[in-house]
Structure formats: structure tokens, C-alpha cells
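Read through the structure below, which is laid out as C-alpha cells, and then see the notes.
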Amino acid sequence: MKLYLSEGNPQCMKVLAAVELTGAKCDIHHAHPEERIVPTLSRPVLPVLQPSVGVHLFMPNAICRYLFELSGQEASSQTDQWLEWEATELQPALMQALHLSVLQAKRTEAAEALEGPLRFLEQSLSKKPTAFLTAETATVADIVLWGALYPILSDASFLPGDSQHVAAWFERVTALPACQAAAGSILNEKGGKAALRGFVQRQPVPHTQRRDAQPCS
Amino acid sequence: MALKELSSLEKALGFKKPNKYSTQGSSKTPVLQSNSGPPLCGLLTIATHLVREAQRPELLGVSAEQRAVVQQWLEYRATRLDGCPKEEVRSVLKDLNQHLEDKVYLAGDAFTLADMLMYYGIHHLMVGLSIQEKETYVNISRWFDHVQHYPGIRQHLPLVVVLRNRLYPSGQH
């Protein structure tokens, strides 16, 4: 399997953490963000996993899900649900927050953009008896949400004071050696900050504002 | 929108009794209250659950790799196609068209849940395409026609006319 990643890209960090945690065997290639790896796509996209010749996986959550399945941890409806929430509810809010905080240094507005999704996560975690989102050990759901939130929540002062469950969960996931390694190589290396800035600049300006992600369970 | 789609999916999967759904939030995320366990939330999650319930696992892919490809196109549908701004539609259609160039269905030779949800999600765009545009996206048109004629899939949705023969020689538009 070949895996293509680039620095500063939180989606690549997710996938790298999944590789580290599951022990999947991949040849990792560092690609330029503008490099076109998937020949059928008109725009460059990363991360890309090539499980076999001619097959390209380029949706980050599908890649993470696949890596976990290879290690014998099949997705459940509960993990599916978190992955879908991350892709459809959290990501739009997050892209807006990253634009505001990384490019415009508007921290308060960035916090507002994320308020709904973070409140939802806090309420969900407060009702869970388990240490992680769906189990006592980290699953694909934890890795995907952690990777998405890391660029914002690694600044501990960002979380509102009443988010102690999110804070504790985030700390637990960040402490996993797989996540340490992934964050280290994608975002915390020298130049990682500038690369994150470049990543955010290349993303389309967020056009929708979704603030009312509500609790489900 | 999502609720109609889930109801079509239930019929296509042969459910005798329809499930009851509610929605939440401004994005009208569907919620399924199940008898066993916590409620399920989100179109892809519920659709995947329904396929498992109907004991049609082949629709999710028969190998780990095929399952990943199916999930990829479900994720693509939910994040790139749904709510796609007008100016981005062409780029989505172009990518899909390229992907389908050497494939019968999204995940290769086998019909899967990815085709079903992509069909329901793209139908309104196909209805709006001119004949010339359908020729530009000739692989999507071919795939779309296969799916709309697949037993039990189309249901209440209007049939979209797709020409089998080119009206215009290629390369002129």
C-alpha cells in the first residue's frame, strides 16, 4: 500500500494516526500539496491511499475506516455515526474556525463558529460511561474527531470552561503514542505552522454557517 | 429530502414495514429510533444500517477494499455533492465522469449502496442537464441509465432520458 501525505494538512494527520495505531504497513510518500496523485480528479487532493494498483482512496474518513478494518476492527453503527457527523457537521464549522483563527487571528469568532459542534460533543461525552467515544479503547471515531479538532484544540485556552469532558477526552487521545507521532510529523515539525496556514489558504472560503448541531443520543 | 431517500431505499431493499424517522437541526439530519440500542443519526449511517438489517452485505462491498471504495463514494456524496455550490457542480460532475470511465458502477463491476445513494443525490442535477451536457458527461449518463433501470431503484422519480447514440460528433463542443 502506498500512502501520500503532506505537511500541515489535518486530514493527513488523521490518516497517519490511524496508520500508527493500527500498525498498517504502508510506504509513506510526502507529496507536495499541489501534486495530483489521483489521475481522475481535476484538483489535487491529499491524503491518498493506494491499497492496490489502480485503486485510489481519497476521502479521509473512508481511508481511516479501511485501515481499522484491516486491523480487525470493523466499523459499527456508532462509529459510522461519528464519522458522518465529523464529515458533514464538524468539518464545515471547523473550516470556518480555521479560516478565522489561522488567517485572520479572530479567535473569538473562531470559537463562536465551533460552539455548536463542541457543545454537542460535550453533551455526548458527558453521557458516556466509556473512556473514549464508543469504547474503552480508541476507535476510528476517536482518531477522526481528534485529527479534525487538533489544530484548534491543541491550544488549550480555546475550549470554553464548561467543556471538561471534551478537554479530558482530547487529552486522552492526544496522549496516545500514535497521535503524538502523527501530530509531530504533520503539524509540529519545524514549518508545520506555516504549512497549516498554506493548507487553510488553499481551502475554499467557507460559505455556510452551521451552528445548531444538536445532540442525537 | 433525506427522508424520502431513506423510504426509497427501504422499498428497494424489500422492507415490508417502513421505519419511522424524525429530523433534527436546520440541516434536517434524519434520526432513526430503533428498538434495540440508541437512536441512529445521519443519512449514511442509517442507510448502512438498513443494508445490514436487510441482510444484503454485498451492497456494502464484498472485500475490505471494495467496502472502502463504497464508503468513499458515500462520503463523497455527503460532503461534495450535497450542498454543492452552483459553481462547483461542474467539477463534481467532471470527477465522477472521469471515475466512471472504465467502470460499470462506482465500486467497479458490482452494484452497491454507493450507486443507490449517488443516484438519489444526483437525480435533480441530471434532470437539469441539456442533451449536450449529457454527452459531455457521457460516462455519468451511461451509469445513471444503468442505475435508473436497476430493479426497484427508481420508484417515484421521473425517468431521465439518456441518449444511447451521440447526436454530435465528439470534440465539437
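Data for the structure
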| read-out | value |
| --- | --- |
| Label point at B:E88 placed 7 Å out along Cα→Cβ; residues across the range B:24-62 whose backbone nitrogen lies under 19 Å | B:26-29, B:43-44 |
| Relative contact order of the range A:10-131, pairs being alpha-carbon contacts under 8 Å that are 6 or more residues apart, as % | 16 percent |
| Per-peptide average of other Cβ atoms within 10 Å, ordering B:10-22, A:82-94, B:87-99 highest first | A:82-94, B:87-99, B:10-22 |
| Using a Förster distance of 41 Å, the FRET efficiency for B:K17-B:H124 (Cβ separation, nearest 0.05) | 0.90 |
| Gained length - A:T40 relative to A:L103, 0.36 nm times residue gap less alpha-carbon distance | 19.6 nm |
| Likely footprinting exposure, B:D145, B:D115, fewest C-beta neighbours within 10 Å first | B:D145, B:D115 |
| Helix-only mean residue ellipticity at 222 nm for chain B, each DSSP H run of n ≥ 4 adding -39500 (n - 2.57), per residue, nearest 500 | -13500 deg cm²/dmol |
| Mean-position separation - Cα centroids, the range A:66-99 and the range A:168-203, in angstrom | 17 Å |
| Average beta carbon contacts from partner chains per residue of A:37-43, 10 Å cutoff | 4 |
| Mean residue ellipticity (222 nm) of chain A, computed from DSSP H runs ≥ 4 via -39,500 (n - 2.57), nearest 500 | -15500 deg cm²/dmol |
| Unit Cα scatterers, Debye sum, the protein assembly as shown: log10 I(q)/I(0) for q = 0.08, 0.09, 0.10, 0.13 Å⁻¹ | -0.41, -0.53, -0.65, -1.13 |
| Trypsin sites (Lys or Arg not before Pro) restricted to the range A:21-128 and DSSP loop, no more than 11 other C-beta within 10 Å | A:K25, A:K127 |
| Average partner coverage of B:92-105, which counts Cβ from other chains inside 10 Å | 2 |
| Flagged links, alpha-carbon separation over 21 Å, of B:K16/B:K103; B:K94/B:K134; B:K4/B:K103; A:K128/B:K17; A:K14/A:K190 | B:K16/B:K103; B:K4/B:K103; A:K128/B:K17 |
| Spatial separation of Cα centroids for the range B:79-149 and the range A:6-63, in angstrom | 24 Å |
| Sites matching GluC sites (Glu not before Pro) across the range A:1-52 that sit in DSSP coil, with at most 12 neighbouring C-beta atoms within 10 Å | A:E34 |
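A short reminder: the numbers here are calculations on the coordinates, not readings from a lab. Remember, predicted model here, so these are calculated numbers, not experimental data. Here the Cβ is made from the backbone with ideal geometry for all residues, glycine too, and neighbour counts use every protein chain on show.
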